[in-house]
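As structure tokens, the structure follows; a few thoughts come after it.
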Amino acid sequence: MTDEELLEKLKALEVWSGHREMSLEDVATIQPGLGRIMPEVGARTWKLYYAAKAENWPLATFQAKEIKGLMELGAFTRPKHEEALNQFMAENWKPVQDAIAAKDFAAFETTFHKAVDAANAYHELKDKPYIVWKLPDAPPPDLDLRPRKKS
Ligand code: HEM
């Protein structure tokens with residue numbers, strides 16, 4: 001079998017999802033873009049801020065890392081945004097993660113607000129000036145943010 005023939009066979013291949021048959025192309029098409037990833041980034045950014053404020057550094061570390069992973073996923077599924085997302089992570093997110101690693105809330109607060117301003121500038125750059133993320137006034141109600149004592 002030639003490589004071309006193999007490729008044709010793979011393209012025609014259908015797999016059962018548990019609900020319907022899907023081709024490899026279908027599976028690729030339904031991977032999340034920024035429209036699905038960004039609302040989760042926003043929710044985790046909210047949790048991140050109030051976790052840091054409560055000095056729950058393990059939770060803040062976790063949320064910042066999850067956001068990094070989501071940004072990497074977005075850069076992969078939407079290569080047209082890869083450069084901007086990578087630049088944001090290197091220039092704006094790394095300082096936030098460094099402040100968390102240093103358990104320094106003052107540095108966190110400065111770098112966090114700078115990162116939010118930068119994120120909103122990227123929204124404008126990406127022709128979405130109407131998307132302006134803002135930090136909610138109250139902590140997220142679905143997580144106990146208090147630091148856990150080591151048992
Ligand atoms: C921590 C940083 C960021 C936060 C908190 C954030 C937050 C959000 C939120 C909440 C939305 C969805 C609004 C909605 O539909 O309800 C959104 C959309 C979007 N964001 Fe971000 N964002 C961040 C960084 C970035 C960066 C660095 C870029 C650069 C590419 C970016 C590009 C976009 C785009 C293109 C959309 C529109 C997606 C679509 O619906 O097609 N964001 N953002």
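If you go through the range 67-93 and keep only what is hydrophobic (A, V, I, L, M, F, W, C), under 20 Å from L143 (Cβ atoms) and surrounded by fewer than 16 Cβ atoms within 10 Å (Cβ to Cβ), you end up with nothing. Considering the range 99-114, the residues that are within 22 Å of L135 (Cα to Cα) and assigned to a loop (DSSP other than H, G, I, E, B) include one that is most open to solvent (accessible area, probe 1.4 Å), namely K103. Being within 9 Å of the ligand (Cβ to nearest atom) and open to solvent by less than 80 Å² (accessible area, probe 1.4 Å) is true of V96. At least 1 residues being touching a residue at least 60 places away in the same chain (Cβ under 8 Å), of a type in the set (S, T, N, Q) and touching a helix residue (DSSP H, G or I) at 6+ places or on another chain (Cβ under 9 Å) is the threshold, and among the helices (runs of 4 or more DSSP H) wholly inside the range 1-81 those reaching it are 34-53. Filtering the range 38-59 to residues that are more than 24 Å from F76 (Cβ to Cβ) and among the acidic types (D, E) leaves only E55. A Cβ distance below 7 Å, combined with a sequence gap of six or more or placement on separate chains, defines the contacts here; from the range 115-142, residues that are free of Cβ contacts under 8 Å to residues at least 24 places away in the same chain and open to solvent by less than 100 Å² (accessible area, probe 1.4 Å) reach residues that are assigned to a loop (DSSP other than H, G, I, E, B) and aromatic (F, W, Y) in the pairs N120/W133. Comparison of L48, L10, L34 shows that the only residue that is open to solvent by less than 80 Å² (accessible area, probe 1.4 Å) and in contact with a His (Cβ under 8 Å, 6 or more places away or on another chain) is L34.
Any residue at all in the range 52-66 that is more than 25 Å from R148 (Cα to Cα) and surrounded by 20 or more Cβ atoms within 10 Å (Cβ to Cβ)? Taking every residue of the range 52-66 in turn, none turns out to be more than 25 Å from R148 (Cα to Cα) and surrounded by 20 or more Cβ atoms within 10 Å (Cβ to Cβ).
Give me a count of the residues in the range 131-147 that are over 13 Å from M38 (Cβ atoms) and within 11 Å of the ligand (Cβ to nearest atom). Selection size over the range 131-147: 2.
The values are calculated or read from the model by the stated rules, or taken from the named source; none is laboratory data. Values in this document were obtained by computation on a predicted structure and should not be read as measured data. Here Cβ is always computed from backbone atoms with ideal geometry, including for glycine, and neighbour counts include all displayed protein chains. Side chains are part of the model used for accessible areas, which takes the heavy atoms of the whole protein and leaves out ligands, DNA and RNA. Shrake-Rupley method; radii C 1.70, N 1.55, O 1.52, S 1.80 Å.
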